[in-house]
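S.K.: Mind looking over this structure? Questions follow.
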Amino acid sequence: MSYEHWRHYARGWVFHFLNKTDLAYEAYTLAFRHNPQDVQSARHLAAIAAQRQDYSLAERWFLEVLRIAPEDAECHFNLGFVREQMKAPRLAIESFKTAVRLKPILDRAWYGMGLAHAALGEHTAAAAALREAARLQPMNGHAWYQLGMAYHHSGEPDKVAQVVNKLLEFDPKITRQLIIDSGREDLAPLLPEMPW
């Protein structure tokens, strides 16, 4: 590692800490130029680009991270998220699949995969991924809601009812939304009276 690399990286870190992201980005770019194996600078550059919602640039930097550290499950998840934001669900699914292959307990990747499948109208595949997300995070009302909607769109009304019953245990508000969005007014009597 060269002195120039560390000098620019340290400047980037300080600017990043001070929330001066433009200056941080510039410094991390110089650090990476001095050491193209610097995974930390690449991670910071990807995160800054994603924060700015410059998703094509973020994708490029996440791919650089993966060139250096191909087994980084979190980075594969982040790449999937960026690709989902870019409206590229097929590429997002590939990234999420790699993330869960490397780290099967990464519930966010299962959830993202489910959303990407749902965006493509692949509701059975969406349900399979969302089921795993809900299993890993049993109190995640959003995962259960999306699972219920995947069952609804794949024509499995009994499974929608099962999800409603599960959601009722901890999140009546999201349960109400699932009943409305799935058109399952027949399940409305299960809801407790709520003041809102």
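The values are calculated or read from the model by the stated rules, or taken from the named source; none is laboratory data. Since we're looking at a predicted model, the values are computed, not measured. Every residue, glycine as well, gets a Cβ built from its backbone with ideal geometry; the counts of neighbours run over all protein chains shown. Surface areas here come from the heavy atoms of the whole protein model, side chains and all, with no ligands, DNA or RNA. Shrake-Rupley method; radii C 1.70, N 1.55, O 1.52, S 1.80 Å.
S.K.: Does the range 23-43 hold any residues that are under 25 Å from the mean Cα position of the chain (by Cα) and of a type outside the set (S, T, N, Q), and which are they? Show your work before the answer.
M.R.: First, the residues of the range 23-43 that are under 25 Å from the mean Cα position of the chain (by Cα): 24-25, 28, 38-43.
Within the range 23-43, A24, Y25, Y28, D38, V39, A42, R43 meet the criteria.
S.K.: If we keep just the residues of the range 96-107 that are part of a helix (DSSP H, G or I) and out of contact with any Asp or Glu (no Cβ under 9 Å at 6 or more places or on another chain), which is surrounded by the most Cβ atoms within 10 Å (Cβ to Cβ)?
M.R.: The initial filter retains those residues of the range 96-107 that are part of a helix (DSSP H, G or I), namely 96-102, 107.
Going one step further and asking which of them are out of contact with any Asp or Glu (no Cβ under 9 Å at 6 or more places or on another chain), we end up with 97-98, 101.
Details: K97: 17, T98: 21, R101: 12.
Top of the filtered list is T98.
S.K.: What number goes with the only condition from (1) open to solvent by 40 Å² or more (accessible area, probe 1.4 Å); (2) of a type in the set (A, V, I, L, M, F, W, C); (3) closer than 27 Å to A50 by Cα; (4) not in a loop (DSSP other than H, G, I, E, B) that A126 does not pass?
M.R.: Going through (1) open to solvent by 40 Å² or more (accessible area, probe 1.4 Å); (2) of a type in the set (A, V, I, L, M, F, W, C); (3) closer than 27 Å to A50 by Cα; (4) not in a loop (DSSP other than H, G, I, E, B) one by one, A126 breaks only (1).
S.K.: Where residues in the range 15-39 are in contact with a helix residue (DSSP H, G or I) (Cβ under 7 Å, 6 or more places away or on another chain) and closer than 25 Å to L102 by Cα, which of them is surrounded by the fewest Cβ atoms within 10 Å (Cβ to Cβ)? Reasoning before the result, please.
M.R.: Of all residues in the range 15-39, those in contact with a helix residue (DSSP H, G or I) (Cβ under 7 Å, 6 or more places away or on another chain) come to 15-16, 21, 23-25, 27-32, 34-35, 37-39.
With the extra rule that they be closer than 25 Å to L102 by Cα, the set shrinks to 37-39.
Working: Q37: 12, D38: 22, V39: 17.
Result: Q37.
S.K.: Right, next: Looking at the range 69-95 only, could you name the residues that are part of a helix (DSSP H, G or I) and open to solvent by less than 40 Å² (accessible area, probe 1.4 Å)? Walk me through how you get there before you give the answer.
M.R.: Step one: filter the range 69-95 for residues part of a helix (DSSP H, G or I), giving 73-85, 89-95.
Once the filter is applied, which keeps residues that are part of a helix (DSSP H, G or I) and open to solvent by less than 40 Å² (accessible area, probe 1.4 Å), the range 69-95 yields A73, C75, H76, F77, L79, G80, V82, R83, P89, A92, I93, S95.
S.K.: Of all the residues that make up the range 46-65, how many are over 19 Å from R33 (Cβ atoms), assigned to a helix (DSSP H, G or I) and either open to solvent by 30 Å² or more (accessible area, probe 1.4 Å) or free of Cβ contacts under 8 Å to residues at least 24 places away in the same chain (or both)?
M.R.: Matching residues across the range 46-65 total 4.
S.K.: Within the range 45-93, track down each residue that is of a type in the set (D, E, K, R) and over 13 Å from the mean Cα position of the chain (by Cα).
M.R.: At the first step, the residues of the range 45-93 found to be of a type in the set (D, E, K, R) are 52, 54, 59-60, 64, 67, 71-72, 74, 83-84, 87, 90.
Residues satisfying the conditions are R52, D54, E59, R60, E64, R67, E71, D72, K87, R90.
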